[in-house]
Amino acid sequence: LLLVALCLAGCPKPLPRFVAKVTQLPDDPKELVAIADAAAAKEVVVGKESAALQDLARAKAALEKALASKTRGADITPFALRWRLARNAFLMANLLRNKTQLVEICREGMKHGEAASKLQPKRVEGHYYFALTMARIAEAKWKLTYVKAIVAAGERARAIDETYDNAGPLAFLGKVYLTAPAWPVSVGNPEKAVELLEKAVKLAPKRPLHHLFLGQAYLAEEEPEKAIEQLKIALAAKLDPRWRREAQEALNKAKDEL
(Lines give C-alpha, C1' and ligand atoms only; values in the text may rest on other atoms or scores of the structure.)
Protein backbone atom coordinates (compact mmCIF):
# COMPACT_ATOMS: atom_id res chain seq x y z
CA LEU A 1 0.00 0.00 0.00
CA LEU A 2 2.83 2.38 0.85
CA LEU A 3 4.53 1.63 -2.48
CA VAL A 4 1.26 2.28 -4.34
CA ALA A 5 0.76 5.54 -2.47
CA LEU A 6 4.28 6.66 -3.28
CA CYS A 7 3.84 5.87 -6.95
CA LEU A 8 0.49 7.63 -7.10
CA ALA A 9 2.20 10.67 -5.57
CA GLY A 10 4.86 10.43 -8.25
CA CYS A 11 7.74 7.97 -7.86
CA PRO A 12 11.03 9.86 -7.60
CA LYS A 13 13.47 9.31 -10.41
CA PRO A 14 16.61 7.40 -9.40
CA LEU A 15 19.61 9.63 -8.87
CA PRO A 16 22.09 9.49 -11.76
CA ARG A 17 25.26 7.48 -11.36
CA PHE A 18 28.53 9.34 -11.54
CA VAL A 19 30.58 8.42 -14.61
CA ALA A 20 34.32 8.84 -14.24
CA LYS A 21 36.29 10.28 -17.13
CA VAL A 22 39.95 9.51 -16.52
CA THR A 23 42.55 11.07 -18.78
CA GLN A 24 45.96 9.57 -19.48
CA LEU A 25 48.07 9.04 -16.36
CA PRO A 26 51.86 9.18 -15.94
CA ASP A 27 53.86 6.05 -15.21
CA ASP A 28 56.00 7.40 -12.36
CA PRO A 29 54.46 6.24 -9.03
CA LYS A 30 55.59 9.45 -7.31
CA GLU A 31 53.71 11.50 -9.88
CA LEU A 32 50.66 9.29 -9.41
CA VAL A 33 50.69 9.85 -5.65
CA ALA A 34 51.14 13.59 -6.24
CA ILE A 35 47.96 13.59 -8.35
CA ALA A 36 46.03 11.98 -5.49
CA ASP A 37 47.40 14.33 -2.85
CA ALA A 38 46.58 17.38 -4.98
CA ALA A 39 42.99 16.20 -5.48
CA ALA A 40 42.56 15.56 -1.75
CA ALA A 41 43.89 19.01 -0.85
CA LYS A 42 41.78 20.90 -3.37
CA GLU A 43 38.88 22.85 -1.90
CA VAL A 44 35.48 21.88 -3.29
CA VAL A 45 33.66 24.87 -4.77
CA VAL A 46 29.89 24.89 -4.29
CA GLY A 47 28.26 24.34 -7.66
CA LYS A 48 31.35 22.65 -9.08
CA GLU A 49 31.09 19.33 -7.25
CA SER A 50 31.13 17.42 -10.54
CA ALA A 51 34.60 18.78 -11.39
CA ALA A 52 35.85 17.81 -7.93
CA LEU A 53 34.46 14.30 -8.40
CA GLN A 54 36.30 13.98 -11.70
CA ASP A 55 39.55 15.02 -10.01
CA LEU A 56 39.00 12.41 -7.29
CA ALA A 57 38.12 9.74 -9.85
CA ARG A 58 41.41 10.45 -11.60
CA ALA A 59 43.18 10.30 -8.24
CA LYS A 60 41.60 6.90 -7.58
CA ALA A 61 42.82 5.59 -10.93
CA ALA A 62 46.28 7.04 -10.27
CA LEU A 63 46.57 5.30 -6.88
CA GLU A 64 45.30 2.01 -8.30
CA LYS A 65 47.90 2.26 -11.08
CA ALA A 66 50.64 2.94 -8.53
CA LEU A 67 49.49 0.01 -6.40
CA ALA A 68 49.67 -2.30 -9.42
CA SER A 69 53.11 -1.01 -10.44
CA LYS A 70 56.11 -3.31 -9.94
CA THR A 71 58.59 -0.44 -9.95
CA ARG A 72 57.28 1.71 -7.11
CA GLY A 73 60.48 1.99 -5.12
CA ALA A 74 60.85 1.75 -1.36
CA ASP A 75 59.25 5.10 -0.56
CA ILE A 76 55.91 4.36 -2.29
CA THR A 77 54.71 1.58 0.00
CA PRO A 78 51.45 -0.40 -0.16
CA PHE A 79 50.51 1.25 3.15
CA ALA A 80 50.96 4.75 1.71
CA LEU A 81 48.76 3.84 -1.26
CA ARG A 82 46.10 1.94 0.67
CA TRP A 83 45.32 4.68 3.17
CA ARG A 84 45.22 7.24 0.37
CA LEU A 85 42.73 5.07 -1.51
CA ALA A 86 40.59 4.94 1.64
CA ARG A 87 40.82 8.72 2.01
CA ASN A 88 39.92 9.19 -1.64
CA ALA A 89 36.87 6.96 -1.25
CA PHE A 90 35.65 9.03 1.69
CA LEU A 91 36.11 12.28 -0.21
CA MET A 92 34.26 10.89 -3.24
CA ALA A 93 31.41 9.67 -1.02
CA ASN A 94 30.94 13.18 0.31
CA LEU A 95 30.16 14.34 -3.23
CA LEU A 96 28.24 11.40 -4.70
CA ARG A 97 24.47 11.78 -5.00
CA ASN A 98 23.74 8.18 -5.99
CA LYS A 99 23.37 6.18 -2.75
CA THR A 100 24.20 2.83 -4.36
CA GLN A 101 27.40 4.22 -5.83
CA LEU A 102 28.25 5.92 -2.52
CA VAL A 103 28.00 2.60 -0.69
CA GLU A 104 30.08 0.88 -3.38
CA ILE A 105 32.91 3.39 -3.15
CA CYS A 106 32.87 3.30 0.66
CA ARG A 107 33.09 -0.48 0.67
CA GLU A 108 36.25 -0.10 -1.40
CA GLY A 109 37.46 2.51 1.07
CA MET A 110 36.83 0.20 4.01
CA LYS A 111 38.80 -2.53 2.26
CA HIS A 112 41.78 -0.24 1.72
CA GLY A 113 41.55 1.25 5.21
CA GLU A 114 41.50 -2.18 6.80
CA ALA A 115 44.46 -3.29 4.68
CA ALA A 116 46.41 -0.17 5.68
CA SER A 117 45.66 -0.71 9.38
CA LYS A 118 46.94 -4.27 9.14
CA LEU A 119 50.09 -3.21 7.30
CA GLN A 120 50.86 -0.47 9.85
CA PRO A 121 48.66 -1.00 12.95
CA LYS A 122 50.46 1.74 14.90
CA ARG A 123 49.75 4.39 12.25
CA VAL A 124 46.56 6.42 12.47
CA GLU A 125 45.58 6.70 8.80
CA GLY A 126 44.20 3.22 8.17
CA HIS A 127 42.04 3.14 11.31
CA TYR A 128 40.79 6.67 10.71
CA TYR A 129 39.67 6.27 7.11
CA PHE A 130 38.28 2.81 7.78
CA ALA A 131 36.04 4.40 10.43
CA LEU A 132 35.03 7.30 8.18
CA THR A 133 34.07 5.15 5.20
CA MET A 134 32.16 2.67 7.36
CA ALA A 135 30.31 5.56 8.99
CA ARG A 136 29.20 6.84 5.57
CA ILE A 137 27.73 3.42 4.78
CA ALA A 138 26.01 3.32 8.17
CA GLU A 139 24.55 6.77 7.52
CA ALA A 140 23.38 5.89 4.00
CA LYS A 141 21.80 2.59 5.01
CA TRP A 142 20.96 3.43 8.65
CA LYS A 143 22.94 0.42 9.90
CA LEU A 144 23.14 0.73 13.69
CA THR A 145 24.89 -2.64 13.79
CA TYR A 146 27.97 -0.91 12.34
CA VAL A 147 28.28 1.61 15.18
CA LYS A 148 30.31 -0.60 17.52
CA ALA A 149 32.96 -1.25 14.84
CA ILE A 150 32.94 2.42 13.80
CA VAL A 151 33.59 3.59 17.36
CA ALA A 152 36.28 0.94 17.89
CA ALA A 153 38.20 2.06 14.79
CA GLY A 154 37.72 5.71 15.69
CA GLU A 155 38.99 5.13 19.20
CA ARG A 156 42.05 3.33 17.83
CA ALA A 157 42.78 6.32 15.61
CA ARG A 158 42.29 8.69 18.52
CA ALA A 159 44.62 6.67 20.77
CA ILE A 160 47.37 6.81 18.14
CA ASP A 161 47.04 10.51 17.21
CA GLU A 162 43.99 12.54 18.15
CA THR A 163 45.48 15.60 16.42
CA TYR A 164 45.58 13.94 12.99
CA ASP A 165 43.64 15.71 10.24
CA ASN A 166 43.09 18.78 12.45
CA ALA A 167 41.74 16.74 15.39
CA GLY A 168 39.70 14.61 13.00
CA PRO A 169 39.43 11.53 15.28
CA LEU A 170 38.06 13.67 18.13
CA ALA A 171 35.51 15.46 15.94
CA PHE A 172 34.47 12.21 14.26
CA LEU A 173 33.89 10.38 17.54
CA GLY A 174 32.13 13.41 18.99
CA LYS A 175 29.68 13.44 16.08
CA VAL A 176 29.07 9.69 16.42
CA TYR A 177 28.33 9.96 20.14
CA LEU A 178 26.10 12.93 19.39
CA THR A 179 24.00 11.38 16.62
CA ALA A 180 23.79 7.71 17.61
CA PRO A 181 20.73 6.63 19.64
CA ALA A 182 21.33 6.41 23.38
CA TRP A 183 21.91 3.25 25.40
CA PRO A 184 20.58 0.54 25.33
CA VAL A 185 19.90 0.95 21.59
CA SER A 186 23.37 2.29 20.73
CA VAL A 187 26.26 4.39 22.07
CA GLY A 188 24.72 7.87 21.95
CA ASN A 189 26.08 10.12 24.69
CA PRO A 190 25.81 13.92 24.26
CA GLU A 191 27.88 14.58 27.37
CA LYS A 192 30.77 12.57 25.95
CA ALA A 193 30.27 14.29 22.60
CA VAL A 194 30.71 17.70 24.27
CA GLU A 195 33.91 16.54 25.96
CA LEU A 196 35.46 15.32 22.71
CA LEU A 197 34.29 18.24 20.59
CA GLU A 198 35.49 20.86 23.06
CA LYS A 199 38.92 19.31 22.75
CA ALA A 200 38.67 19.23 18.95
CA VAL A 201 37.79 22.95 18.87
CA LYS A 202 40.70 23.74 21.19
CA LEU A 203 43.16 21.82 19.00
CA ALA A 204 41.81 23.00 15.63
CA PRO A 205 39.76 26.19 16.14
CA LYS A 206 39.77 27.06 12.42
CA ARG A 207 37.72 24.01 11.46
CA PRO A 208 34.10 25.23 11.11
CA LEU A 209 32.63 21.73 11.35
CA HIS A 210 34.12 21.35 14.83
CA HIS A 211 32.18 24.44 15.90
CA LEU A 212 29.01 23.16 14.23
CA PHE A 213 29.20 19.77 15.92
CA LEU A 214 30.02 21.34 19.29
CA GLY A 215 27.08 23.73 18.91
CA GLN A 216 24.80 20.78 18.21
CA ALA A 217 26.20 18.94 21.22
CA TYR A 218 25.63 21.94 23.49
CA LEU A 219 22.06 22.09 22.18
CA ALA A 220 21.55 18.42 23.01
CA GLU A 221 22.83 19.16 26.52
CA GLU A 222 20.34 22.04 26.85
CA GLU A 223 22.94 24.80 26.80
CA PRO A 224 21.48 27.11 24.12
CA GLU A 225 23.73 30.12 24.84
CA LYS A 226 26.88 28.08 24.33
CA ALA A 227 25.29 26.47 21.26
CA ILE A 228 24.53 29.84 19.67
CA GLU A 229 28.11 31.01 20.14
CA GLN A 230 29.55 27.96 18.37
CA LEU A 231 26.93 27.89 15.61
CA LYS A 232 27.53 31.54 14.75
CA ILE A 233 31.24 30.79 14.36
CA ALA A 234 30.41 27.90 12.04
CA LEU A 235 28.00 29.96 9.93
CA ALA A 236 30.55 32.76 9.56
CA ALA A 237 32.88 30.31 7.80
CA LYS A 238 32.63 28.42 4.51
CA LEU A 239 30.27 25.46 4.82
CA ASP A 240 28.82 23.31 2.09
CA PRO A 241 24.99 23.47 1.76
CA ARG A 242 24.31 20.36 3.87
CA TRP A 243 26.26 21.60 6.88
CA ARG A 244 25.00 25.16 6.47
CA ARG A 245 21.43 23.89 6.68
CA GLU A 246 22.23 21.90 9.80
CA ALA A 247 23.94 24.89 11.40
CA GLN A 248 21.05 27.25 10.63
CA GLU A 249 18.44 24.77 11.88
CA ALA A 250 20.38 24.24 15.11
CA LEU A 251 20.82 27.99 15.56
CA ASN A 252 17.11 28.63 15.12
CA LYS A 253 16.30 25.91 17.65
CA ALA A 254 18.84 27.27 20.14
CA LYS A 255 17.34 30.76 19.88
CA ASP A 256 13.86 29.33 20.48
CA GLU A 257 15.11 27.63 23.65
CA LEU A 258 16.57 30.78 25.23
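Odds and ends about this structure:
- Charge sum, other residues only, whose C-beta stays under 10 Å from Leu85's C-beta, Lys/Arg counted +1 and Asp/Glu -1: +3
- GNM flexibility winner over the chain from Gln24, Gln120, Gln54 (Cα, springs under 10 Å): Gln24
- Over the Cα atoms of region 140-258, the radius of gyration divided by the Kirkwood radius equals 0.97; this is the Rg/Rh ratio.
- Rel. contact order, % - alpha carbon contacts under 8 angstrom, at least six apart, the chain: 11
- Whole-number Å³ per residue for the convex hull built on Cα positions in the chain: 155
- Radius of gyration (Cα atoms) of region 13-100, expressed as a multiple of 2.2 N^0.38 Å: 1.13.
- Selected from Ala62, Ala152, Ala116 as most flexible by GNM, with the chain as the system and alpha-carbon contacts under 10 Å: Ala152
- Derived from the Cα gyration tensor, the three semi-axes of the equivalent ellipsoid of region 161-204 are 21, 9, 6 Å, largest first.
- Sulfur and carbon atoms: percent of accessible area, the chain [1.4 Å]: 57
- Normalised convex hull volume, region 73-209, alpha-carbon set, Å³ per residue: 110
- For the chain, built as a Gaussian network whose Cα springs stay under 10 Å, the top-fluctuating residue of Leu119, Leu178, Leu231: Leu119
- The charge dipole of region 11-85, taken about its Cα centre with unit charges on the Cβ atoms of Lys, Arg (+1), Asp and Glu (-1) only, comes to about 320 debye.
- The chain - accessible surface per residue (Å², probe 1.4 Å): 56
The values are calculated or read from the model by the stated rules, or taken from the named source; none is laboratory data. Not measured: the values here are computed from a predicted model. Every residue, glycine as well, gets a Cβ built from its backbone with ideal geometry; the counts of neighbours run over all protein chains shown. Protein only, heavy atoms only, side chains kept; ligands, DNA and RNA dropped before computing areas. Shrake-Rupley method; radii C 1.70, N 1.55, O 1.52, S 1.80 Å.
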